[in-house]
Amino acid sequence: MWPISTTKIEKTPDSESPPEMDKIPETTDEQDEISDEKTIPTELTQPKPDEEFVRKCSFCSVKSDDLKECDYCNELFCKAHLEPKTSHNFLRSNGGHSCKQFADQEKKEQQPISQPIKISKPSKSIKKTLHNFSNRFISWFYCKKHPHSKLRKENFFIHLIIIIVLSLFFMIVYSNSDQLNTIVIGFIKLGAIIQICLIIPIIWSIYKILINLRYGLRGLANGFKFITAIVILIFCFQIYLQPSLITRPVTQFDYGTFNPLEINWNSQSNGATTNNNNSDGNQGIVIPSINPKPVININELETEIHNLINNERQKSGVAALKYDTKLANIARAHSQDMAARNYFSHYTPEGDGPTERAIKAGYSVHKELGGGYYSEGIAENIFQNNLYDTVTYYNGIPVYDWNSQSEIASSTVNGWMNSPGHRQNILNSDYDNEGIGVAISSDDKVYITEDFW
């Protein structure tokens with residue numbers, strides 16, 4: 001459709017005269033007839049009436065008066081080609097015509113379907129926030145508040161070597177303290193003085209290492225400090241679950257070997273006998289009463305420990321354990337092996353654990369628990385006790401504070417019950433049988449093994 005232009009007619013005031021019109025010369029009738037004959041042909045003056053009303057289909061060019069206009073492209077089409085189609089559908093079906101406007105309209109209608117996908121994408125603000133957070137975390141993780149504070153490696157390794165070497169000497173002296181303390185110089189025992197001289201530089205080196213570690217940790221990045229704190233917390237939690245790792249070495253250490261003096265200052269409070277004052281009025285040297293070494297019956301001690309274990313189970317409402325002689329033989333063999341080869345572990349130096357030792361002894365470790373459940377193996381508790389708590393030397397004569405058979409049994413069971421892992425084995429209702437094995441070493445250590453099935 002061509003645009004229609006309109007001409008603007010300006011109105012003039014009344015005072016002004018209208019624009020001059022071209023004057024048409026007057027002609028006579030004869031002149032009009034002559035001009036008509038010369039200028040107007042007869043063919044042009046009579047147009048054909050049918051040509052103004054004949055229209056063609058925009059697709060197939062078929063002439064017809066029954067044409068309709070497309071609602072989208074406003075073109076005329078016959079009935080066969082009136083339906084608008086996209087170019088894709090037009091090539092794959094008969095009839096209709098390819099209409100670009102119709103295709104554009106369909107695209108606009110289908111556009112809101114893809115909008116939810118755009119909405120689900122994170123906005124620029126969220127991306128920026130996550131980016132800033134990651135950058136801040138990385139910068140915090142590698143940030144060093146004290147970059148010049150470092151671990152002095154040379155001093156660290158020097159003090160570490162001092163601790164290792166002096167600890168080896170200390171263990172040698174401590175294991176032979178009974179013989180060394182028999183050597184008395186005046187009223188000072190030689191073994192105790194050597195141990196004190198070794199323990200002082202060991203403590204000093206430990207202090208220097210802790211100070212060095214403090215500077216090293218201070219110079220680490222924040223992230224590595226955080227990881228170190230987590231490791232320390234995990235270590236402390238393991239000690240909380242198994243306090244025997246700390247309490248056992250502390251309680252079993254013989255502190256009497258550190259006493260450098262020959263005089264027993266605590267003997268009066270312990271009920272020891274004393275000599276009367278001499279004739280000169282001077283106080284005499286305290287002479288303790290010497291208790292004989294107790295005779296331990298291994299079988300009775302094993303039975304007493306077994307009865308104490310069942311008492312603890314009955315207090316918790318758990319059925320009593322049956323005494324299994326085969327398990328007792330396996331447990332006793334392990335206690336004897338620990339006493340003979342001077343080690344304390346569930347595993348032998350060859351690497352055999354409780355289950356492996358039971359299988360080698362011909363014991364069946366398979367057990368049906370019911371409900372489709374079963375177990376393979378045996379459980380075990382071990383304990384290292386002593387025939388005496390302390391030993392004191394008087395003029396080279398050792399005086400032992402011996403433990404009775406009942407005291408050894410009760411202290412063993414109490415030690416197990418104060419340890420979460422050993423307590424769990426004792427109060428486990430899945431175990432029905434138990435065997436106790438006891439062995440005493442040449443240095444008066446008592447090894448107790450308890451096996452469950």
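The values are calculated or read from the model by the stated rules, or taken from the named source; none is laboratory data. Computed from a prediction, not measured in an experiment: that's the story for all the values here. Cβ atoms come from the backbone with ideal geometry, glycine included; neighbour counts cover every protein chain shown. When the accessible area is computed, the model is the full protein with side chains, heavy atoms only, and any ligands, DNA or RNA have been set aside. Shrake-Rupley method; radii C 1.70, N 1.55, O 1.52, S 1.80 Å.
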Just checking, how many residues over the stretch 116-135 are among the hydroxyl-bearing types (Ser, Thr, Tyr) and modelled with pLDDT of 70 or more? 3
Where the second residue is open to solvent by 70 Å² or more (accessible area, probe 1.4 Å) and among the aliphatic types (A, V, I, L, M) and the first is free of Cβ contacts under 8 Å to residues at least 60 places away in the same chain and lies in the stretch 365-393, which pairs have Cβ atoms under 7 Å and are six or more apart or on separate chains? Ser375/Leu369
Search the stretch 338-350 for residues that are free of Cβ contacts under 8 Å to residues at least 60 places away in the same chain and pair each with any residue that is loosely packed, with under 11 Cβ neighbours inside 10 Å and not in a helix (DSSP H, G or I) when their beta-carbon atoms are under 7 Å apart and the residues are at least 6 apart or on different chains. Arg341/Pro349; Tyr343/Pro349
Mind checking which residues of the stretch 59-84 are open to solvent by less than 40 Å² (accessible area, probe 1.4 Å) and assigned to a loop (DSSP other than H, G, I, E, B)? Leu67, Cys70, Cys73, Cys78
Tabulated pairs, the stretch 216-242, first under 21 Å from Asn155 (Cβ atoms), second surrounded by 13 or more Cβ atoms within 10 Å (Cβ to Cβ), C-beta under 6 angstrom, 6+ apart or interchain: Gly216/Leu151; Arg218/Ser149; Gly219/Ser149; Gly219/Lys150
Does Val413 satisfy the condition of being touching a Ser or Thr at 6+ places or on another chain (Cβ under 7 Å) and under 17 Å from Gln384 (Cα atoms)? no
In the stretch 252-278, the residues that are hydroxyl-bearing (Ser, Thr, Tyr) and at pLDDT 70 or above: Tyr255, Thr257
Among (1) at pLDDT below 85; (2) open to solvent by less than 60 Å² (accessible area, probe 1.4 Å), the one test that Gln242 misses: (2)
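Yes/no per residue for (1) closer than 30 Å to Cys143 by Cβ; (2) of a type in the set (A, V, I, L, M); (3) more than 42 Å from the chain's Cα centre (by Cα):
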| site | (1), (2), (3) |
| --- | --- |
| Ser177 | no, no, yes |
| Ile185 | no, yes, yes |
| Gln195 | no, no, yes |
| Ile199 | no, yes, no |
| Ser205 | no, no, no |
| Leu210 | yes, yes, no |
| Leu213 | yes, yes, no |
| Gly219 | yes, no, no |
Counting only residues in the stretch 295-335 that are part of a helix (DSSP H, G or I) and among the basic types (Lys, Arg), the one farthest from Gly351 (Cα to Cα) is identified as Lys315
Would you mind finding the one in Tyr207, Tyr215 that is modelled with pLDDT of 90 or more, surrounded by fewer than 17 Cβ atoms within 10 Å (Cβ to Cβ) and hydroxyl-bearing (Ser, Thr, Tyr)? Tyr207
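Let's see how each residue does on (1) open to solvent by 10 Å² or more (accessible area, probe 1.4 Å); (2) out of contact with any strand residue (DSSP E or B) (no Cβ under 8 Å at 6 or more places or on another chain); (3) at pLDDT 90 or above:
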position: Asn385; (1), (2), (3): yes, no, yes
position: Trp402; (1), (2), (3): yes, no, no
position: Ser406; (1), (2), (3): yes, yes, yes
position: Trp416; (1), (2), (3): no, no, yes
position: Gly437; (1), (2), (3): no, no, yes
position: Thr449; (1), (2), (3): no, no, yes
position: Trp453; (1), (2), (3): yes, no, no
Among all residue pairs at least 6 apart or on different chains, which show Cβ distances below 7 Å where the first residue, located in the stretch 414-433, is closer than 12 Å to Phe383 by Cα and in contact (Cβ under 8 Å) with a residue 12 or more places away in the chain and the second is outside any helix (DSSP H, G or I) and open to solvent by less than 60 Å² (accessible area, probe 1.4 Å)? Gly415/Phe383; Trp416/Asn381; Trp416/Phe383; Ser419/Pro243; His422/Asn381
Against the definition (in contact with a Gly (Cβ under 7 Å, 6 or more places away or on another chain), on the phi < 0 side of the Ramachandran plot, aromatic (Phe, Trp, Tyr) and open to solvent by 90 Å² or more (accessible area, probe 1.4 Å)), how does Tyr347 come out, yes or no? yes
Among the residues of the stretch 413-424, is there at least one that is farther than 18 Å from Lys322 by Cβ and hydroxyl-bearing (Ser, Thr, Tyr)? yes
Within the stretch 364-383, identify whether any single residue is β-branched (Val, Ile, Thr) and surrounded by fewer than 16 Cβ atoms within 10 Å (Cβ to Cβ), and answer yes or no. yes
Complete set of residues in the stretch 69-91 that are at pLDDT below 80 and under 15 Å from Asp104 (Cβ atoms): Ser87, His88, Asn89, Phe90
